[in-house]
1. Do any strands (runs of 3 or more DSSP E) entirely within region 193-258 hold 2 or more residues that are of a type outside the set (Asp, Glu), surrounded by 15 or more Cβ atoms within 10 Å (Cβ to Cβ) and touching a strand residue (DSSP E or B) at 6+ places or on another chain (Cβ under 8 Å), and if so, which?
2. Scan region 30-47 for residues that are among the hydroxyl-bearing types (Ser, Thr, Tyr) and within 19 Å of the chain's Cα centre (by Cα) and jot them down.
3. Out of region 157-208, which residues are on the phi > 0 side of the Ramachandran plot and out of contact with any His (no Cβ under 7 Å at 6 or more places or on another chain)?
4. Mind listing just one residue for me: the one in region 80-108 that is in contact with a strand residue (DSSP E or B) (Cβ under 7 Å, 6 or more places away or on another chain) and touching a residue at least 40 places away in the same chain (Cβ under 8 Å) and, of those, surrounded by the most Cβ atoms within 10 Å (Cβ to Cβ)?
5. Read through the list (1) surrounded by 19 or more Cβ atoms within 10 Å (Cβ to Cβ); (2) touching a Lys or Arg at 6+ places or on another chain (Cβ under 8 Å); (3) in contact (Cβ under 8 Å) with a residue 40 or more places away in the chain, then give the number of the only condition that Leu163 fails.
6. Answer yes or no as to whether Ser208 is of a type outside the set (Phe, Trp, Tyr), within 21 Å of Ser243 (Cα to Cα) and without any contact (Cβ under 8 Å) to a residue 60 or more places away in the chain.
7. Being surrounded by fewer than 20 Cβ atoms within 10 Å (Cβ to Cβ), without any contact (Cβ under 8 Å) to a residue 12 or more places away in the chain, within 20 Å of the chain's Cα centre (by Cα) and closer than 15 Å to Val141 by Cα: is that true of Lys188 here?
8. Looking at region 10-44, which of its residues are surrounded by fewer than 20 Cβ atoms within 10 Å (Cβ to Cβ) and part of a strand (DSSP E or B)?
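The values are calculated or read from the model by the stated rules, or taken from the named source; none is laboratory data. All of these numbers come straight from a predicted model, not from anything done at the bench. Here the Cβ positions follow ideal geometry from the backbone for every residue, glycine too, while neighbour counts run over all protein chains shown.
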Amino acid sequence: MMITHYSKLELYTVSVAGVKQFYHDQLGFPIVHESESEIVFQPTVHFTLSFWQAAEALTPAHLAFEVAHSAFDQAVDRLRERGVTLLKWPDGRTIDDFGTGQNVYFRDGDGHLLEIISHTYVQEGVLPPSGEFGILYLREVGFPVDDVIAFRERLVQLLAVKLDKVYDNFTFAIGGTAHAVLASKERKWFPIGMTALPPKMHVTFGVSSADFLAQVRTALEAKEIRYKKAENGGLHVTLGGYSLGMQVASFPEEAPALLGLPCSGKGM
């Protein structure tokens, strides 16, 4: 029983029309819902990305999409063909080779920092690639916090996540394919030194079973942390100032292990 993936990410925008032009016209994300105040994209079968229009200043979020390592070069070429500006590192390069994979960064019209990333250890053929960029899943969402150590300990206690790359100012909190990037507000986002400030967002994790949800509820109650039951049978809780949801989803529980991901053993 475990968190398996990011099921939904809800962000904010100053222009639904602008979001549509970037994510649909340039990135090719299918639209599953659209109104004057909201637009919902379906980058993969198991993940939706929503934007709500807001008449207020926005703090940019960071998110990273995983593609197969064999498809990375084609994804980068496609970004360039679509006129997407790739962000440069201080030495002028746009592609970073970090040993176990490669990545590129770019931004949408609201300044949200996006990333296409691939890893040599991720096994292909486990999850179907989606869309024009062959996205496998949403891998990362950034969670800037004041105290990385305290926040990660709370996530371990309550959500049974695993930890990787554990530093005082940075940690991956991992549940299945979902990597929560816990970063100190004093640590800037690569590659452009963007200040890491908490974005206004709602993150929904897909989980493997109702039994896992029950154990999370028990853990929350033991710590006297209030939560709300969601209409879909899941739950909603605020942790570290972040709005988090959990719901049972159809994502294959065995996929993280078959993909060869770090910390892919079962949780509770």
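1. Ranges flagged: 202-207, 235-239, 242-248.
2. Answer for region 30-47, where residues must be among the hydroxyl-bearing types (Ser, Thr, Tyr) and within 19 Å of the chain's Cα centre (by Cα): just Thr44.
3. Result: Ala160, Lys165, Gly193.
4. This residue is Tyr105.
5. (1)
6. Considered against the rule, which asks whether it is of a type outside the set (Phe, Trp, Tyr), within 21 Å of Ser243 (Cα to Cα) and without any contact (Cβ under 8 Å) to a residue 60 or more places away in the chain, Ser208 comes out as no.
7. When the stated conditions are applied, Lys188 passes them.
8. Across region 10-44, the qualifying residues are Glu10, Ile31, Val32, His33, Glu34, Glu38, Val40, Gln42.
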